[in-house]
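A.B. asks: Okay, handing you the structure first.
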Amino acid sequence: MIKNNRLTAEQYQHNFSDIKPPFETQDAALVEANRCLFCYDAPCTKACPTSIDVPKFIKQITTYNVKGSAHTIFQSNIMGAGCSKVCPVEKLCEGACVYNLMEEPPIPIAKLQRYSTEKAIDNNWQYFERKKSNGKKVAIIGAGPAGLSCAHVLSREGVDVTIYEKENKGGGLMTYGIAAYKVTPQFCEDEVNYILEIGGIEIKYNQELGKNISLEELQKNYDAVYLAFGVGLANKLNIPGEDLEGVEDAITFIYNLRSKTYKDINVGDKVAVIGMGMTAIDAATQAKRLGSKEVTMVYRRTEAEKSCTQHELDIARLDGCATLWLAAPKEIIGENGKVKALVCDVMKLGQPDAKGKPTPTPTGETVTLNVDMVIKATGQNPFTVLVSGYGIDNAKGKININQSATNVSKVFAGGDCVNGGKEVVDAVQAGKDGANAILKFMMNVK
Amino acid sequence: MADISSNFLGIKSPNPFWLASAPPTDKKINVLRAYEAGWGGVVWKTLGSQVKNVSSRYSSVDYHGSRVMGFNNIELISDRPLDINLKEITEVVKLFPDRAMIVSLMADSTREAWHELIKKCEDAGAMGFELNFGCPHGMTERGLGAAVGQDPEIAKMVVEWVMEKATIPVITKLTPNVHSVVPTGKACVEAGTNALSLINTIQSVTGVDLDTLVPNPYVAGKSVFGGYCGPAVKPIALKFLTTIAQNNITKKVPISGIGGISTWRDAVEFMLLGSSTVQVCTAAMKHGFRIVEDMCEGLNNWMDEKGFKTLNDFIGKSVNNITHWEDLDINYHHVANINEDKCIHCGLCYITCEDTSHQAINLSYGDPYNTYTIKEQDCVGCNLCKLVCPVDNCITMVEKRVAPEYINWKMWQEQGLPLNDH
């Protein structure tokens with residue numbers, strides 16, 4: 001049965017509290033910071049999409065220069081605080097830490113980054129001064145990581161920035177698309193406010209491109225436009241029963257989790273989550289944490305081909321989520337219009353596809369899961385119609401860019417709407433690149 | 001099992017590890033705890049005229065996450081009444097007759113005062129004396145401690161007074177707050193001291209509080225120079241020790257080594273450079289007396305491994321391995337080698353060599369791991385890369401002699417051999 005309010009307030013609080021608690025004390029941070037070898041041309045820095053000077057910011061913690069430490073982080077990544085909580089560091093900085101080569105635990109870089117940046121945000125240490133307004137105006141679509149990062153760089157250079165955001169809060173997927181036990185809505189709001197503190201950035205909320213505003217208008221009224229509206233539409237399964245009550249996409253499920261109170265979120269007794277990416281994990285773990293009795297993650301390939309990290313899968317398993325490998329949804333069976341079961345084809349792995357992943361093919365056998373809720377987490381589609389409608393070059397909806405510039409005059413783009421959906425930290429870097437391309441462009445247009 | 005018992009001028013102890021004259025040897029309760037833990041002996045905290053200590057007495061230097069790398073104190077000699085000290089010494093000796101009981105002395109600067117103190121301590125059961133000519137703070141202002149040790153003439157005079165009266169072995173403790181410890185050491189040996197010990201603490205300021213702007217340790221808004229000790233001073237102590245162990249006059253008497261000894265390894269190094277026994281303070285003050293257990297076992301294992309049966313088999317064995325720079329072999333050459341299998345690509349060897357040495361390491365960029373190799377023709381063999389490498393035995397120095405024969409700097413000049421041209 002699908003219902004809400006399954007747990008007590010204390011249980012919700014416990015289930016959605018910070019999964020990676022911060023250092024409680026300076027001493028604790030120092031123990032780890034002092035382990036850092038201060039590598040030269042450090043692998044951790046190279047593995048960071050925003051190239052944060054990790055050895056430097058950690059060294060600064062050891063010299064009690066926490067203020068300088070956060071400065072080092074924000075210089076490369078203005079969302080360094082949020083990234084410290086949501087980055088899959090096991091495949092980025094911490095995965096590259098040289099201690100791994102000694103079979104020793106890597107430096108907890110994210111935790112140290114959180115230590116410095118949280119202090120900076122809590123104390124509102126501001127490092128960047130906006131240059132005098134130079135009269136240039138840029139419109140940005142989307143107040144997510146790419147948009148905010150782009151806006152911050154532009155504002156530092158004296159550009160007046162207006163961000164159009166379709167939601168009523170900034171932060172993008174950070175605010176609306178990430179498991180609550182990683183970042184709280186309050187933190188996301190604080191981070192956005194901290195970034196806006198520089199001035200010169202105005203966010204117009206509840207403004208959606210193609211609905212309330214048009215690209216032509218923006219091209220006319222601004223010196224440049226930066227598209228950073230991400231991806232949005234959940235992939236459909238295209239199987240019978242997809243319209244039954246109890247079938248939901250993970251994006252909506254997580255969005256609701258981020259914008260409502262936990263006790264108001266509906267969840268089934270027995271839930272199947274389709275997919276094995278990071279979003280699938282976030283949906284599965286949170287369904288369990290909302291009080292589902294059974295959660296099964298269904299994936300058409302094997303564990304070896306999963307797209308989430310091992311660390312994430314471990315979180316799901318520790319939460320008690322089951323996995324069903326080599327199973328592809330075939331049909332959702334209903335009763336009285338509600339989900340009753342999920343029938344899956346049992347698959348086997350065949351030849352590698354273009355990306356090198358073996359192609360799963362049906363064996364002819366099926367397996368049936370008795371579930372009352374199905375959460376689809378099989379990826380998101382770019383806004384193909386929107387993008388094509390404006391004549392923007394794209395590949396299946398993903399905007400084509402050349403050094404951040406689209407084929408449309410004055411229009412630049414970056415982040416998930418270009419790459420189809422990567423990490424927050426990739427979007428932050430895209431925003432920096434976009435800002436620099438726009439600055440260069442505006443300097444040349446007199 | 002090797003025999004680690006010590007016989008220092010007839011003063012026997014089950015091992016060569018004594019606690020130095022300091023707060024840990026100030027009272028019966030501490031010394032009993034030390035003996036129960038297994039310490040071979042103590043040098044009872046300095047007795048002399050009655051003094052009064054201030055509160056807030058220690059400060060330290062931490063390094064890279066490690067506490068008390070260096071330690072400093074502004075405590076004076078024992079501030080307890082002499083009679084209580086003497087009574088407790090008698091009681092401790094009675095309970096542990098097999099342990100060395102040396103009593104540190106610092107009498108007022110008169111023959112009578114020294115004679116009186118010596119008599120009382122001998123009566124109390126002292127097995128030897130250590131003359132405190134080294135305390136660098138508080139007592140010097142009274143013309144005592146380091147004020148005596150810094151002037152060979154005064155030191156000689158005091159030692160002579162002591163030797164007139166003492167019937168048990170006398171060790172003279174030297175201050176390092178001098179250019180060389182040898183002049184005072186020689187004067188004391190010539191005056192008849194039976195042994196020397198060194199080093200006492202080094203005058204220091206451990207740091208300044210960046211909030212109050214008052215240096216450490218803080219005493220009501222002020223501080224004073226303190227005596228520095230602990231692991232940080234070990235290299236300095238070993239140097240002073242070597243000069244005493246090499247000098248023709250001072251080497252005639254046995255030495256008790258002091259200065260930053262924390263482990264059996266430190267102790268062995270002091271003994272190899274001429275110490276017959278070693279004295280410990282800071283390490284015990286940091287960890288408690290239990291550290292002596294590993295000191296005994298580690299020493300024993302090392303001796304077994306090296307085939308040394310008694311302490312005398314290796315005491316002083318490294319003294320002659322420290323020579324004069326002029327005698328070093330210029331034809332000796334070694335170059336660094338990086339073991340690629342062990343390398344973790346941290347780049348520390350590269351950046352130190354590139355920035356501060358001879359640009360002798362090649363960097364080949366990789367993502368994310370660079371590869372580093374030695375440019376042998378540019379490597380002078382300075383050891384820096386090996387020292388900073390965090391992986392044991394990843395960088396080794398490989399001997400590549402310039403020529404087989406020995407040649408020193410003097411010979412080099414005489415033969416008119418070429419100097420560097422870059």
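The values are calculated or read from the model by the stated rules, or taken from the named source; none is laboratory data. Computed from a predicted structure; not experimentally measured. All Cβ positions, glycine included, derive from the backbone under ideal geometry; neighbour counts span all protein chains shown. Calculation scope for accessible area: heavy atoms of the full protein, side chains included, ligands and nucleic acids excluded. Shrake-Rupley method; radii C 1.70, N 1.55, O 1.52, S 1.80 Å.
A.B. asks: According to a simple spin-label model (label point 7 Å from Cα along Cα-to-Cβ), what is the distance in nm between A:Gln310 and B:Ser49?
C.D. replies: Label-label distance for B:Ser49 and A:Gln310, simple model: 7.3 nm.
A.B. asks: Taking the dipole about the Cα centre of the protein assembly as shown, with the C-beta of Lys and Arg at +1 and of Asp and Glu at -1, give me whichever of A:Ala304, B:Pro404, B:Gly125 is farthest to the positive side.
C.D. replies: The one lying farthest along the dipole's positive direction is A:Ala304.
A.B. asks: Show the residues, 5+ positions off or on another chain, whose built amide H is closer than 5 Å to the amide H of A:Ile163.
C.D. replies: A:Ile140, A:Glu202, A:Ile203, A:Lys204
A.B. asks: Still on this structure, I have one more. Testing the spin-label approximation: label points 7 Å from Cα along Cα→Cβ at A:Glu208 and A:Gln351. State their distance in nm.
C.D. replies: Here the modelled spin labels are 4.2 nm apart.
A.B. asks: Also, quick follow-up: So how much slack lies between B:Lys306 and B:Asp79, counting 0.36 nm per residue of separation and subtracting their Cα-Cα distance, in nm? The partial results should precede the final answer.
C.D. replies: Details: separation 227, 0.36 × 227 = 81.72 nm, distance 4.47 nm.
Once the chain is fully extended between B:Lys306 and B:Asp79, it gains 77.2 nm.
A.B. asks: How big is the charge dipole of chain A about its Cα centre, in debye rounded to the nearest 20, if each Lys and Arg gets +1 on its Cβ and each Asp and Glu gets -1 on its Cβ?
C.D. replies: 720 debye
A.B. asks: Could you tell me the calculated FRET efficiency between B:Thr396 and B:Asp98, based on Cβ-Cβ distance and R0 = 56 angstrom, to the nearest 0.05?
C.D. replies: The value I calculate is 0.75.
A.B. asks: Let me ask something else about it. Positive end of the charge dipole of the protein assembly as shown (Lys, Arg +1 and Asp, Glu -1 on Cβ, about the Cα centre): tell me which of B:Tyr218, A:Val295, B:Phe17 has its Cα farthest that way.
C.D. replies: Toward the positive end, the furthest listed residue is A:Val295.
A.B. asks: Sort the protein assembly as shown into rounded, prolate or oblate with this rule: let a ≥ b ≥ c be the square roots of the eigenvalues of the Cα gyration tensor; rounded if a/c is under 1.5, and if a/c is not under 1.5, prolate when a/b is larger than b/c, oblate otherwise. Walk me through the numbers before you get to the answer.
C.D. replies: Details: a/c = 2.55, a/b = 2.28, b/c = 1.12.
Prolate, since a/c reaches 1.5 and a/b exceeds b/c.
A.B. asks: Among B:Asp79, B:Asp209, B:Asp304, determine the one that fluctuates most according to a GNM of chain B built with springs between C-alpha atoms less than 10 Å apart.
C.D. replies: Ranking B:Asp79, B:Asp209, B:Asp304 by mean-square fluctuation puts B:Asp209 first.
A.B. asks: Please find the FRET efficiency linking A:Lys340 to A:Thr366, where r is the Cβ-Cβ separation and R0 is fixed at 22 Å, and quote it to the nearest 0.05.
C.D. replies: The computed FRET efficiency comes out at 0.90.
A.B. asks: Assign one of three labels to region A:20-122, namely rounded, prolate or oblate, based on the Cα gyration tensor with a ≥ b ≥ c the square roots of its eigenvalues; rounded applies when a/c is under 1.5, prolate when it is not and a/b is larger than b/c, and oblate otherwise.
C.D. replies: Taking the square roots of the gyration eigenvalues as a ≥ b ≥ c, region A:20-122 is rounded.
A.B. asks: Also, quick follow-up: Under 8 Å for C-alpha pairs, at least 6 residues apart: give me the relative contact order for chain B, rounded to a whole percent. Walk me through the numbers before you get to the answer.
C.D. replies: Details: 878 pairs, mean separation 59.1, N = 422.
It rounds to 14 percent for chain B.
A.B. asks: Distance check, please: which entries in A:Lys119/A:Lys440; A:Lys376/A:Lys440; B:Lys87/B:Lys317; A:Lys20/A:Lys263; A:Lys59/B:Lys386; A:Lys204/A:Lys422 exceed 32 angstrom between their Cα atoms? Don't jump to the answer; show the numbers that get you there.
C.D. replies: Values: A:Lys119/A:Lys440 34 Å; A:Lys376/A:Lys440 42 Å; B:Lys87/B:Lys317 41 Å; A:Lys20/A:Lys263 23 Å; A:Lys59/B:Lys386 22 Å; A:Lys204/A:Lys422 25 Å.
Listed pairs above 32 Å: A:Lys119/A:Lys440; A:Lys376/A:Lys440; B:Lys87/B:Lys317.
A.B. asks: Say the cut-off is 32 Å between C-alpha atoms; which of A:Lys211/A:Lys410; B:Lys222/B:Lys286; A:Lys211/A:Lys357 go over it?
C.D. replies: In this structure, A:Lys211/A:Lys357 exceed 32 Å between Cα atoms.
A.B. asks: Further question on the same structure: Could you tell me the relative contact order of region A:247-376? Use alpha-carbon pairs under 8 Å, at least six residues apart, and round to a whole percent.
C.D. replies: Rounded, it is 29 percent for region A:247-376.
A.B. asks: Select from A:Gly320, A:Val424, A:Leu439 the residue farthest towards the positive end of the dipole of region A:306-446; place +1 on Cβ of Lys and Arg, -1 on Cβ of Asp and Glu, and compute about the Cα centre.
C.D. replies: Towards the positive end, the residue furthest out is A:Leu439.
A.B. asks: A further question on this structure: So what's the gap between the Cα centers of region B:227-260 and region A:60-82, to the nearest angstrom?
C.D. replies: First find each Cα centre; the distance between them is then 46 Å.
A.B. asks: I'd like the antiparallel share, as a percent to the nearest 5, of DSSP beta bridges with both residues in region B:6-321.
C.D. replies: On the way: 16 of 45 bridges.
Around 35 percent of the beta bridges assigned by DSSP in region B:6-321 are antiparallel ones.
A.B. asks: Give the angle, between 0 and 90 degrees and rounded to the nearest 10, that separates the Cα long axis of helix A:185-196 from the longest principal axis of the Cα atoms of chain A.
C.D. replies: That helix lies at roughly 20 degrees to the long axis.
A.B. asks: Peptide A:26-33: average number of partner chain Cβ atoms within 10 Å per residue?
C.D. replies: Across A:26-33, the average partner-chain Cβ count within 10 Å equals 1.
A.B. asks: Can you run phi through the Karplus equation (6.51, -1.76, 1.60; θ = phi - 60°) for region A:436-445 and list ³J(HN,Hα) in whole Hz, with x for Gly and Pro?
C.D. replies: With coefficients 6.51, -1.76 and 1.60, one gets 5, 5, 5, 4, 4, 4, 6, 5, 7, 8 Hz.
A.B. asks: List the aspartates and glutamates whose alpha-carbon lies under 19 Å from that of A:Lys398, not counting same-chain residues fewer than 8 positions away?
C.D. replies: Result set, ordered by chain and number: A:Glu208, A:Asp416, A:Glu423, A:Asp426, A:Asp433.
A.B. asks: Between rounded, prolate and oblate, where does region B:6-321 land on the alpha carbon gyration tensor, with a ≥ b ≥ c its root eigenvalues, rounded for a/c under 1.5, else prolate if a/b exceeds b/c?
C.D. replies: rounded
A.B. asks: Using a simple spin-label model with points 7 Å from Cα along the Cα→Cβ vector, what separation in nm is obtained for A:Ser259 and B:Asn362?
C.D. replies: Going from the A:Ser259 label point to the B:Asn362 one covers 6.0 nm.
A.B. asks: Mean residue ellipticity at 222 nm from the helices of the protein assembly as shown, using -39,500 (n - 2.57) per DSSP H segment of n ≥ 4 over the full residue count, to the nearest 500 deg cm²/dmol?
C.D. replies: Rounded to the nearest 500, it is -9500 deg cm²/dmol.
A.B. asks: Just to be sure I understand: with springs between alpha-carbon atoms less than 10 Å apart, which residue in A:Met373, A:Met79, A:Met102 has the highest mean-square fluctuation in the Gaussian network model of chain A?
C.D. replies: Answer for the Gaussian network model of chain A: A:Met102.
A.B. asks: Taking 0.36 nm per intervening residue step and subtracting the Cα-Cα distance, what contour gain separates A:Glu217 from A:Lys20 on full extension?
C.D. replies: Difference between extended and current length: 66.5 nm.
A.B. asks: Run through all the Cα pairs of region B:325-414 and give the fraction in each 10 Å bin from 0, expressed as whole percent.
C.D. replies: 17, 42, 26, 12, 3, 0
A.B. asks: Here's a follow-up. Would you tell me the mean number of C-beta atoms belonging to other protein chains that fall within 10 Å of each C-beta in B:366-372, as a whole number?
C.D. replies: Average neighbour count from other chains, rounded to a whole number: 5.
A.B. asks: While we're here: Taking the Cα centre as origin and putting +1 on Lys and Arg beta-carbons and -1 on Asp and Glu beta-carbons, what dipole magnitude results for the protein assembly as shown, to the nearest 20 debye?
C.D. replies: On the way: 88 positive and 99 negative charges, 223 e Å.
Result for the protein assembly as shown is approximately 1080 debye, rounded to the nearest 20.
A.B. asks: Please give the length that would be gained between B:Trp409 and B:Asp313 if that part of the chain were fully extended, namely 0.36 nm times their separation in residues minus their C-alpha to C-alpha distance (nm, one decimal).
C.D. replies: Extra length from B:Trp409 to B:Asp313 when fully extended: 31.2 nm.
A.B. asks: Something else about it: Which value results when the Cα radius of gyration for region A:247-376 is divided by 2.2 N^0.38 Å? Could you put the intermediate results ahead of the total?
C.D. replies: On the way: Rg = 14.7 Å, N = 130, 2.2 N^0.38 = 14.0 Å.
Relative to the rule-of-thumb radius for its length, region A:247-376 sits at 1.05.
A.B. asks: With springs connecting C-alpha atoms under 10 Å apart, model chain A as a Gaussian network and identify which of A:Glu191, A:Glu24, A:Glu129 has the largest mean-square fluctuation.
C.D. replies: Comparing A:Glu191, A:Glu24, A:Glu129 in a Gaussian network model of chain A, the most mobile one is A:Glu24.
A.B. asks: Then there is this: If you count only protein heavy atoms with a 1.4 Å probe, what accessible area per residue comes out for chain A, rounded to a whole Å²?
C.D. replies: 43 Å²
A.B. asks: Please compute, for peptide B:340-349, the average count of beta-carbon atoms on other protein chains lying within 10 Å of each residue's beta-carbon.
C.D. replies: 5
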